[in-house]
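Reviewing the structure listed below.
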């Protein structure tokens, strides 16, 4: 995966004369297994400047990935982004992002991504942020709507200038990679450019199940704090959104199609409602959510939109 990712970076086209790529590889493996691959990559990609940064101690997935989002570049650089080794970027990714930042006068960009399956096939009909926003410049408050209709702001969606005013690295206290993406909209304090056209892909590593239900269901059943934290972030988002934004959010949830809401999160919202107490009740709600996946897509879409509307209504009643 690492070799594939570096190869994709070597294929990038740039638009500015004299611009070069400096790739920093963060290795969290206990025995620094990436060092040998790094040496091999140096030989096979002489056009890239590579740096190898093994962690002094094992940080875990979230903290290792989190350090990659420090706004200031680790090496002298005007532009920064993070490419997880199992994700993909297309050849024009960097050039198009730089041009959009220059055209809009912004320092941070969010770009949609296609979804890649474990069969190494990119599904060009599905994206990580379907119908999230329209192309253009978003104000920070606009980003908060993604807490209800998407997965927050994903890692591979970000591209930024190293002199951006916002600090994109979430604090080390948060060890949940999902929660980090929900926290990110609150970290951005300046206008952001959004591009709906994908120039890369996020890899769905769980072919047989959905992102959260498969990877984190056990964690959610045994650690209720994650769902409570997401619900708290949604309450905070509604508290700072203007009334007209809330009304638009309600209208949008009513028109939501099946693909717009991540299936797992739509059903996870059930468990965040106040009547869910105790592991038995929580497990029953999870089972109910799982059962929905056997229904026709149209019916699931109605249920998903209904769940979001119910969650929004409950959150508004809390203020």
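Annotations
- Residue within segment 104-112 that is assigned to a strand (DSSP E or B), under 23 Å from residue 73 (Cβ atoms), at pLDDT 90 or above and under 12 Å from the mean Cα position of the chain (by Cα) present: yes
- Within segment 126-145, if we keep just the residues that are outside any loop (DSSP other than H, G, I, E, B) and out of contact with any strand residue (DSSP E or B) (no Cβ under 9 Å at 6 or more places or on another chain), the residue that is farthest from residue 177 (Cα to Cα) turns out to be 141.
- Set side by side, the residues 156, 152 differ, and just one is assigned to a loop (DSSP other than H, G, I, E, B) and either touching a strand residue (DSSP E or B) at 6+ places or on another chain (Cβ under 6 Å) or under 18 Å from residue 200 (Cα atoms) (or both), which is 152.
- Exactly one residue out of 77, 88 is at pLDDT 85 or above and farther than 29 Å from residue 122 by Cα, and it is 77.
- Listed by first and then second residue, the pairs linking a residue in segment 39-68 that is in the same structural domain as residue 170 (by TED's automatic domain parsing) and within 16 Å of residue 2 (Cα to Cα) to a residue that is at pLDDT 85 or above and part of a strand (DSSP E or B), with Cβ atoms under 7 Å apart and 6 or more places separating them unless they lie on different chains, are 64/26; 68/26.
- Given (1) modelled with pLDDT of 90 or more; (2) farther than 23 Å from residue 176 by Cβ; (3) assigned to a loop (DSSP other than H, G, I, E, B), number of the condition residue 52 does not satisfy: (3)
- Selection count where residues are crowded, with 20+ Cβ neighbours inside 10 Å and free of Cβ contacts under 8 Å to residues at least 12 places away in the same chain, scope segment 102-137: 0
The values are calculated or read from the model by the stated rules, or taken from the named source; none is laboratory data. The structure presented is a predicted model; accordingly, all values stated were derived computationally and were not measured. All Cβ positions, even for glycine, are placed from backbone atoms using ideal geometry, and neighbour counts span all protein chains on display.
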